[in-house]
Amino acid sequence: MSGSYDDSVGVEVSSDSFWEVGNYKRTVKRIDDGHRLCNDLMNCIHERARIEKVYAQQLTEWAKRWKQLVEKGPQYGTVERAWCAFMSEAEKVSELHLEVKGSLMNEDFEKIKNWQKEAFHKQMMGGFKETKEAEDGFRKAQKPWAKKLKEVEAAKKAYHAACKEEKLAISRETNSKADPALNPEQLKKLQDKVERSKQDVLKTKEKYEKSLKELDNATPQYMENMEQVFEQCQQFEEKRLRFFREVLLEVQKHLDLSNVASYKNIYRELEQNIKTADAVEDLRWFRANQGPGMSMNWPQFEEWSADLNRTLSRREKKKASDGVTLTGINQTGDQVSQPNKHSSVQSNTVQSVQSSYNPFEDEEDTGSTVSEKEDNKIKNVSSYEKNQSYPTDWSDEESNNPFSSTDANGDTNPFDEDTPPAMEVRVRALYDYEGQEQDELSFKAGDELTKMENEDEQGWCKGRLDNGQVGLYPANYVEPIQ
């Protein structure tokens with residue numbers, strides 16, 4: 001590596017040593033690098049904080065989506081609660097990662113930013129004050145020694161040139177002695193030139209040795225002055241290195257959730273929730289609420305009523321009572337009371353289908369009015385239960401349905417409700433979705449479809465694919481096409 005000094009132009013650097021002229025610039029550059037490294041560390045922490053935020057958001061979205069799917073799905077009982085415990089874990093961990101993000105940005109990032117501002121002072125003409133002070137200190141310490149080094153290099157060059165000239169003169173004199181054509185006068189001139197060149201060699205050698213001795217005498221002071229400036233730079237760099245170590249330790253503490261008590265409690269609680277899952281308990285509940293343990297209004301003899309001149313088939317009774325909860329049905333003592341989406345939906349639906357309720361009977365005969373039953377309409381909350389029907393092969397009178405689309409006179413059914421169609425909107429899929437049930441649509445991210453009905457209380461929409469298929473899909477999986 002070669003370099004030059006302002007007052008010693010032409011001085012060649014023979015090595016990569018710090019003591020060579022101009023090689024102190026690497027130490028000066030380290031100050032500028034320290035400022036840049038502060039920026040790099042801040043960018044590093046900022047990117048990690050952004051990752052923590054995105055991860056927290058993804059955990060929350062995952063928990064919300066799967067909580068809905070599990071709650072709407074066919075799973076029930078204690079295993080369902082154990083499954084949902086994973087979503088609760090994700091929500092709590094998401095909050096912790098948001099706290100990590102806040103600590104990284106509000107504490108670590110700001111700490112580096114403030115330290116950098118205090119340690120490095122910008123100048124109006126550009127650069128930093130600390131860099132200029134180091135540059136000026138090294139320049140001042142090196143200037144006297146560099147000047148003498150320049151003199152040494154000049155004396156060395158003169159001495160080597162004199163030696164070369166001496167050698168050339170001696171060679172010419174030797175050759176002339178063997179040439180008989182030269183006269184004595186010419187030979188005398190060559191001999192005089194050899195003598196003068198020898199004297200020049202002695203003079204330049206003496207000057208060279210003198211300048212080199214002066215340089216050697218100036219070297220200790222030069223080294224001492226350079227050491228002082230270098231130590232100042234070392235102290236400045238030591239502050240930066242120690243500060244970086246301190247910040248990195250704080251970042252490690254913020255990232256290490258294993259030492260956070262609440263983090264340990266999350267997984268301790270998750271383990272307990274999973275261990276509480278009881279297959280025997282769930283099977284007993286299902287038997288009581290969905291199986292043979294359910295109560296049944298078995299068919300009984302009914303007198304003819306003047307208000308009802310024809311009976312309803314079992315299929316028609318199912319349609320008439322669809323979405324109606326009967327209040328005259330009592331659970332047996334063996335049934336287990338367990339709050340669950342299926343106990344409020346499926347069991348009541350089955351009871352409505354299997355009951356012999358007559359909508360035209362008097363209030364005192366049935367114990368409740370039609371209007372009261374309509375107030376207890378069932379809301380479908382599970383994708384598993386959507387459009388779920390029960391066998392109707394045992395219907396006895398298909399033609400006597402008073403709720404059919406036409407009555408005996410061919411007029412329209414007064415009980416049919418004309419629901420005006422909703423405004424259809426074109427939407428685009430944000431994610432892939434594979435239908436879990438027959439009444440659900442399947443599509444890929446980027447596919448376009450038509451939304452036919454607005455989102456219901458459970459987050460489902462009714463839509464139509466371009467191929468004509470109609471079905472349900474999660475509302476948060478699409479976005480309107482602008």
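The values are calculated or read from the model by the stated rules, or taken from the named source; none is laboratory data. Since the structure is predicted, the reported quantities are computational estimates derived from the model, not experimental observations. A quick note on method: Cβ atoms are made from the backbone with ideal geometry, for glycine too, and the neighbour counts reach across all protein chains shown. Each accessible area value is taken on the protein alone, full model and side chains, heavy atoms only, with ligands, DNA and RNA left out. Shrake-Rupley method; radii C 1.70, N 1.55, O 1.52, S 1.80 Å.
Scanning segment 68-93 for residues that are surrounded by fewer than 18 Cβ atoms within 10 Å (Cβ to Cβ) and of a type in the set (F, W, Y) gives a single hit, F86. If you go through segment 13-49 and pick out every residue that is open to solvent by 70 Å² or more (accessible area, probe 1.4 Å), free of Cβ contacts under 8 Å to residues at least 12 places away in the same chain and not in a loop (DSSP other than H, G, I, E, B), you end up with 6. A Cβ distance below 8 Å, combined with a sequence gap of six or more or placement on separate chains, defines the contacts here; from segment 285-310, residues that are in the same structural domain as E80 (by the TED database) reach no residue that is at pLDDT 90 or above and of a type in the set (S, T, N, Q).
Condition (residue is farther than 30 Å from R36 by Cβ and out of contact with any His (no Cβ under 9 Å at 6 or more places or on another chain)) applied to segment 227-246: is it met by at least one residue? Checked segment 227-246: no residue is farther than 30 Å from R36 by Cβ and out of contact with any His (no Cβ under 9 Å at 6 or more places or on another chain). A count restricted to segment 271-302 and to residues that are farther than 26 Å from A85 by Cβ and among the polar types (S, T, N, Q) stands at 3. Candidates in segment 152-189 are the residues that are in contact with a Leu (Cβ under 6 Å, 6 or more places away or on another chain) and more than 30 Å from T219 (Cβ to Cβ); of these, the one that is least open to solvent (accessible area, probe 1.4 Å) is S176. For V201, the stated conditions hold: it is farther than 24 Å from E237 by Cβ, in contact with a Cys (Cβ under 8 Å, 6 or more places away or on another chain) and either assigned to a helix (DSSP H, G or I) or open to solvent by 40 Å² or more (accessible area, probe 1.4 Å) (or both).
Table: residues versus (1) within 23 Å of Q458 (Cβ to Cβ); (2) modelled with pLDDT of 95 or more.
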site: E71; (1), (2): yes, no
site: Y76; (1), (2): yes, no
site: S88; (1), (2): yes, yes
site: E91; (1), (2): yes, yes
site: H97; (1), (2): no, yes
site: K101; (1), (2): no, yes
site: L104; (1), (2): no, yes
site: E110; (1), (2): no, yes
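Selection of first residues in segment 458-470 that are assigned by the TED database to the domain that holds Q438 and part of a loop (DSSP other than H, G, I, E, B) and of second residues that are open to solvent by less than 70 Å² (accessible area, probe 1.4 Å) and among the small types (G, A, S), restricted to Cβ pairs under 6 Å at least 6 apart or on distinct chains, gives the following pairs, ordered by first then second residue: G459/A475. Among the residues making up segment 215-272, a single one is open to solvent by less than 80 Å² (accessible area, probe 1.4 Å) and basic (K, R): R240. Using the structure shown, decide if R65 is open to solvent by 30 Å² or more (accessible area, probe 1.4 Å), in contact with a strand residue (DSSP E or B) (Cβ under 9 Å, 6 or more places away or on another chain) and either at pLDDT 95 or above or part of a helix (DSSP H, G or I) (or both). Yes, satisfied. Checked against (1) outside the structural domain of P220 (by the TED database); (2) in contact (Cβ under 8 Å) with a residue 12 or more places away in the chain, N114 passes all but condition (2). In segment 157-178, the residues that are closer than 10 Å to Q191 by Cβ and in the same structural domain as Y208 (by the TED database) reach residues that are buried (at least 17 other Cβ atoms within 10 Å of the Cβ) and among the charged types (D, E, K, R) with C-beta atoms within less than 6 angstrom, at least six apart or across chains, in these pairs: A169/K193. Cβ-Cβ under 6 Å, sequence separation 6+ or interchain: first residue in segment 204-217 and among the acidic types (D, E), partner at pLDDT 90 or above. Which pairs? As it stands, the answer is E214/K148, since those pairs meet every condition given.
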